[in-house]
Amino acid sequence: MRPVIDIRHIHRVFETDAGYAHVLHDISLSVSPGEFVAVTGPSGSGKSTLMNILGCLDTPTEGVYLLEGLDVAQLTDDELAEVRAERIGFVFQSFNLLPRMSVLDNVMLPLAYADCPRSRRERLAVHALRAAGLPVDHFDHRIGELSGGQMQRVAIARALVNDPAIILADEPTGNLDTATGRAVLDSFHRLQEEEKTIVLITHDPGIAAEADRIVTIRDGRLYHDGTATGSLEREASAIAPAGGQLPIQQKGARS
Ligand SMILES: Nc1ncnc2c1ncn2[C@@H]1O[C@H](COP(=O)(O)OP(=O)(O)O)[C@@H](O)[C@H]1O
Ligand SMILES: [Mg+2]
């Protein structure tokens, strides 16, 4: 199956007053449709820099990025903007919501420029909010009245409203307590059931373990790329005959 995300030998060098900062070194990564990948690594290791490249918010200094088979470097700015708007949903640590507007209006925002009447925008926003797990009686609340976990669900709904194939999330549970973070993680599991491809940056090993695959970045290098043990255990327990041996299958390797 053609990968959704396919980066090959990516480097990112920033030019700063202090000289060149070589932040990403020779990173190659391929993500299959429907895969849920967690990216972990210490602060400053280059995770957000990588995410910005995956989301076409930044371009690599060297290397190739094929997004759904398209060579991103060959796209015009307009084409890139279209890819970002239609194919990718972003979720950030800081939610990036408009606090005085209602939940529904925030989620409808990405649809504002599309040729899309309000009734349809509302319908899509309600659908996305349900998928993100926000209670219906909160849809007309202002953002400022919500808890952090509820805000993140709204942000996830906003990322979903265009029905993008790819969800990119940079520390989406970073501002939430552990219990709330885990609840937000449920939304990502639900997205995976809808066959979205998910790349989620997280510091939290417990959250990373729920992905199909964990990619670890250290000092801008791909340090480890492997199947998450938590997901293997979950899957094994789901298919294990009582008291029997576990036939373990690699989820990431499905054909
Ligand atoms: N625009 C930039 N210019 C210069 N250095 C940058 C820029 N963006 C990020 N960096 C540097 O790249 C390194 C990795 O940053 P980042 O990708 O944000 O790491 P992480 O998300 O893993 O914490 C840091 O040392 C950071 O200072
Ligand atoms: Mg970061």
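Where a number appears in this text, it was derived from the coordinates with a stated rule and is not lab data. Model, not experiment: these values are computed from the prediction. Cβ coordinates were reconstructed from backbone atoms using ideal geometry, including for glycine residues, and neighbour counts include every protein chain displayed.
Contact order for segment 101-180, expressed relative to its length and based on alpha carbon pairs under 8 Å spaced 6+ residues apart, stands at 39 percent.
If we count other beta carbons within 10 Å of each Cβ, what is the order of ILE7, ILE143, fewest first? Could the numbers behind the result be given before it?
Working: ILE7 22, ILE143 19.
Ascending number of Cβ neighbours within 10 Å: ILE143, ILE7.
Per-residue ellipticity at 222 nm for the chain, helices alone: DSSP H runs ≥ 4 residues times -39500 (n - 2.57), over residue total, nearest 500 deg cm²/dmol? One gets -10000 deg cm²/dmol as the mean residue ellipticity at 222 nm. Projecting the Cα atoms of HIS127, LEU200, VAL4 onto the dipole axis of the chain, where Lys and Arg carry +1 and Asp and Glu carry -1 at the beta carbon, places HIS127 farthest toward the positive end. As a length-normalised measure over Cα pairs under 8 Å and 6 or more apart, the relative contact order of the chain settles at 25 percent.
Other residues with beta-carbon under 11 Å from the beta-carbon of THR61 carry, at +1 per Lys or Arg and -1 per Asp or Glu, a net charge of -2. Would you mind classifying segment 154-204 by shape? Square roots of the alpha carbon gyration tensor eigenvalues, ordered a ≥ b ≥ c; an a/c under 1.5 is rounded, otherwise it is prolate if a/b is larger than b/c and oblate if not. It comes out prolate by the Cα gyration axes. Each listed q (0.09, 0.10, 0.17 Å⁻¹) maps to a log10 I(q)/I(0) for the chain, found by the Debye formula over equal Cα scatterers with no solvent: -0.42, -0.51, -1.34. Seen through its C-alpha gyration tensor, with square-root eigenvalues sorted a ≥ b ≥ c, segment 34-158 comes out oblate because a/c lies at 1.5 or above while a/b is not bigger than b/c.
Each Lys or Arg adds one and each Asp or Glu takes one away; over the other residues whose Cβ falls under 12 Å from the Cβ of ARG142, this sums to -2. Each peptide in 154-167, 31-44, 54-67 receives the mean, over its residues, of other Cβ atoms within 10 Å, and ordering these scores from highest gives 154-167, 31-44, 54-67. Each Lys or Arg adds one and each Asp or Glu takes one away; over the other residues whose Cβ falls under 11 Å from the Cβ of LEU98, this sums to +2.
Using the Cα centre of the chain as the reference point, and only Cβ charges (+1 on K/R, -1 on D/E), how large is the resulting charge dipole? Debye, rounded to the nearest 20. Intermediate values should be presented prior to the final figure.
Working: 24 positive and 35 negative charges, 113 e Å.
The calculation lands at about 540 debye.
In this label model, ARG190 and SER94 are separated by 2.7 nm, measuring between points 7 Å along each Cα→Cβ vector. Which FRET efficiency, nearest 0.05, do ARG123 and GLU82 yield, Cβ-Cβ r, R0 22 Å? For R0 = 22 Å, the calculated efficiency reads 0.45.
When both bridge partners sit in the chain, DSSP labels roughly 55% of those beta bridges antiparallel.
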